[in-house]
1. Can you pull out the residues in segment 117-144 that are among the aliphatic types (A, V, I, L, M) and closer than 16 Å to Met95 by Cβ?
2. Could we say that Glu133 is at pLDDT 95 or above, under 24 Å from Asn178 (Cα atoms) and surrounded by fewer than 16 Cβ atoms within 10 Å (Cβ to Cβ) here?
3. Working only within segment 69-99, note down all residues that are among the hydrophobic types (A, V, I, L, M, F, W, C) and touching a Phe, Trp or Tyr at 6+ places or on another chain (Cβ under 9 Å).
4. Only residues in segment 39-58 that are over 17 Å from Val87 (Cα atoms) count as the first member; pair them with residues that are among the β-branched types (Val, Ile, Thr) and in a loop (DSSP other than H, G, I, E, B), Cβ under 8 angstrom, at least 6 apart or cross-chain, and list the lot.
5. Failed condition for Asn178, given (1) of a type in the set (S, T, N, Q); (2) under 16 Å from Leu83 (Cα atoms); (3) at pLDDT below 95, with all others met?
6. Conditions: (1) under 19 Å from Val28 (Cβ atoms); (2) out of contact with any Phe, Trp or Tyr (no Cβ under 7 Å at 6 or more places or on another chain); (3) surrounded by fewer than 16 Cβ atoms within 10 Å (Cβ to Cβ). Gln66 meets all but one. Number of the miss?
7. Farther than 16 Å from Phe40 by Cα, out of contact with any helix residue (DSSP H, G or I) (no Cβ under 9 Å at 6 or more places or on another chain) and small (Gly, Ala, Ser) - does that describe any residue in segment 136-151?
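The values are calculated or read from the model by the stated rules, or taken from the named source; none is laboratory data. Every value quoted in this text rests on a predicted model; they were computed, and no experiment measured them. We place every Cβ from the backbone using ideal geometry, glycine too, and count neighbours over all the protein chains shown.
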Amino acid sequence: MLKTRSVLLLTLLLSLFSSALTAEMETVKTKNFEGDKFVFPKDIKGTPLSLLFLAMGKDQENGTLQQQQQIEWHKALAEKGILNEQVAAYHFPVMESPPFFVKGIIRSAMADAYEGTADLSQSGVLYIDDLEEFAKEGGLTLDELPTLVLLSEDGKIIKEFKGVYSEELATAIAAAINAELAPSEEQAAVPNTPTP
């Protein structure tokens with residue numbers, strides 16, 4: 001009886017853990033900062049990985065602060081060579097949808113803030129209905145800190161990172177990226193043989 005309960009509990013915990021890892025982010029139709037249509041997260045294309053910078057502020061003041069912190073993150077990671085041809089950077093401030101007549105003004109102001117730092121074709125504002133639900137659906141933590149999310153080539157969440165820039169967190173991001181890019185033991189065991 002005790003053994004059966006233990007097995008059931010273990011099965012439940014494993015299913016909860018695996019569902020958290022396979023959470024999918026809400027689909028949002030938007031425009032990137034160049035004005036082109038963008039379907040989030042479908043249009044995110046890893047090379048093979050993507051690092052998603054999400055500013056999810058619960059109010060305008062915190063959202064603006066997180067946006068500035070994300071730009072600092074981007075500059076530091078680019079300087080360290082962490083953002084490169086194998087890791088595409090995508091920036092998306094996330095906010096509950098304002099009245100339609102101010103969306104363009106907000107998008108334009110944010111585009112100006114990212115210009116010169118982020119690729120504007122890989123950045124835009126995500127206007128959503130419910131910020132808490134957006135975070136919950138993606139298995140993300142909603143707080144007052146910037147969110148960076150490492151995504152696989154097929155858009156699956158590999159790992160979430162939270163906080164303002166620090167050397168420790170930058171090192172953790174680099175380690176996670178290197179772990180994903182390293183060949184698996186199985187791939188490493190198969191010698192490269194030239195094709196005739």
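1. First pass over segment 117-144, keeping only residues among the aliphatic types (A, V, I, L, M): 118, 120, 125-126, 128, 131, 135, 140, 142.
Answer for segment 117-144, where residues must be among the aliphatic types (A, V, I, L, M) and closer than 16 Å to Met95 by Cβ: Val125, Leu126, Ile128, Leu131, Ala135, Leu140, Leu142.
2. Working: at pLDDT 95 or above: yes; under 24 Å from Asn178 (Cα atoms): no; surrounded by fewer than 16 Cβ atoms within 10 Å (Cβ to Cβ): yes.
Taking the combined requirement at face value, the residue does not satisfy it.
3. Residues of segment 69-99 that are among the hydrophobic types (A, V, I, L, M, F, W, C), as a first pass: 71, 73, 76-78, 82-83, 87-89, 92, 94-95.
If the condition is that a residue be among the hydrophobic types (A, V, I, L, M, F, W, C) and touching a Phe, Trp or Tyr at 6+ places or on another chain (Cβ under 9 Å), then Ile71, Trp73, Ala76, Leu77, Ala89, Phe92, Val94, Met95 are the ones that fit.
4. Val39/Thr27; Phe40/Thr27
5. (3)
6. (3)
7. Within segment 136-151 (the criterion being farther than 16 Å from Phe40 by Cα, out of contact with any helix residue (DSSP H, G or I) (no Cβ under 9 Å at 6 or more places or on another chain) and small (Gly, Ala, Ser)), the answer is no, since none of the residues qualifies.
Let's see how each residue does on (1) surrounded by 19 or more Cβ atoms within 10 Å (Cβ to Cβ); (2) modelled with pLDDT of 90 or more; (3) over 18 Å from Asp130 (Cα atoms):
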| residue | (1), (2), (3) |
| --- | --- |
| Val7 | no, no, yes |
| Asn32 | yes, yes, yes |
| Thr47 | no, no, yes |
| Ala76 | no, yes, yes |
| Gly81 | no, yes, yes |
| Glu85 | no, yes, yes |
| Ala89 | yes, yes, yes |
